[in-house]
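The values are calculated or read from the model by the stated rules, or taken from the named source; none is laboratory data. Since the model is a prediction, treat every value here as computed from it, not as a measurement. In this analysis, Cβ positions are derived from the backbone assuming ideal geometry, glycine residues included, and neighbour counts consider all displayed protein chains.
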Amino acid sequence: MAASAKYIGKGSGTLALDDSVFTERFHGPLVHEAVRAELAARRRGTASTQTRGEVSMTGAKAWRQKGTGRARVGALSSPTRTGGGVAFGPKPRGYTVKVNRKARRRALRAALSVHAERGSIAGIDPSGFDAPSTRAAVEALASLDGDGRVLVVLTDGEENCVKSFRNIRDVSVMHADAVGVADVIGHARLVISEAALARLTEKAASK
């Protein structure tokens, strides 16, 4: 029997889920790899510190080598001194981790299948939002089963629906093209439009 998701809000009927995408066996290590790669790719990698050779500091010794009774000391730019450079500090770098396309798609299918198995997917009909209405969005979510954060997935031409959901606490609104494994597995419930489901299914399909 094909899996399906019920509509919330003004929508009626059910949203058919493609068995080739929503019945994938869960593979923990693969999902972890994909999530790790996605989260790493979101890091800007702009953190930067100055080494002892880069700080603006005099090159003179702090005091003369002998005769002071104190330990000998060299440059003030030493990492051990206040105002000195940083030893082994961060420098701008990229955090990208490569994940094969087939592996990434399988991980996305596995994440979506978890929601299908739990019954935590629901459909939304964007045509029911003639104008942005947070109240209507809250009422629609009230009929959603379960607890936890909600990911609302929409696509082009559904701006009124986007504006209706985007200011609700614990609700994330994303375009179908931007949704990744980390987003799907990181939310307890998934609300999706028919057009966004088609796009997400196409992204996750095995090729």
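In the set Leu200, Leu151, only one residue is closer than 23 Å to Ser113 by Cβ, under 17 Å from the mean Cα position of the chain (by Cα) and not in a helix (DSSP H, G or I); that residue is Leu151.
When you check Ser127 against the structure, is it without any contact (Cβ under 8 Å) to a residue 24 or more places away in the chain, among the polar types (S, T, N, Q) and either crowded, with 17+ Cβ neighbours inside 10 Å or assigned to a helix (DSSP H, G or I) (or both), yes or no?
yes
Condition check ((1) small (Gly, Ala, Ser); (2) out of contact with any Pro (no Cβ under 8 Å at 6 or more places or on another chain); (3) modelled with pLDDT under 95; (4) under 20 Å from Thr82 (Cα atoms)) across all residues:
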residue	(1), (2), (3), (4)
Glu24	no, yes, yes, no
Gly28	yes, yes, yes, no
Val31	no, yes, no, no
Ala37	yes, yes, no, no
Arg42	no, yes, yes, no
Gly53	yes, yes, yes, yes
Met57	no, yes, yes, yes
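Scan the range 96-105 and tell me whether some residue there is part of a helix (DSSP H, G or I) and touching a Cys at 6+ places or on another chain (Cβ under 7 Å). No, there is no match, as no residue in the range 96-105 is part of a helix (DSSP H, G or I) and touching a Cys at 6+ places or on another chain (Cβ under 7 Å). His175 meets the conditions (1) within 30 Å of Gly45 (Cβ to Cβ); (2) touching a residue at least 40 places away in the same chain (Cβ under 8 Å) in every case but one. The failed one is (2). Looking at the range 145-164, which of its residues are under 14 Å from Arg189 (Cα atoms) and modelled with pLDDT of 90 or more? Scanning the range 145-164 gives Asp147, Gly148, Arg149, Val150, Leu151, Val152, Val153. Would you check if Ala110 is without any contact (Cβ under 8 Å) to a residue 24 or more places away in the chain and of a type outside the set (Ser, Thr, Tyr)? Here the answer is no, as Ala110 does not meet what is asked.
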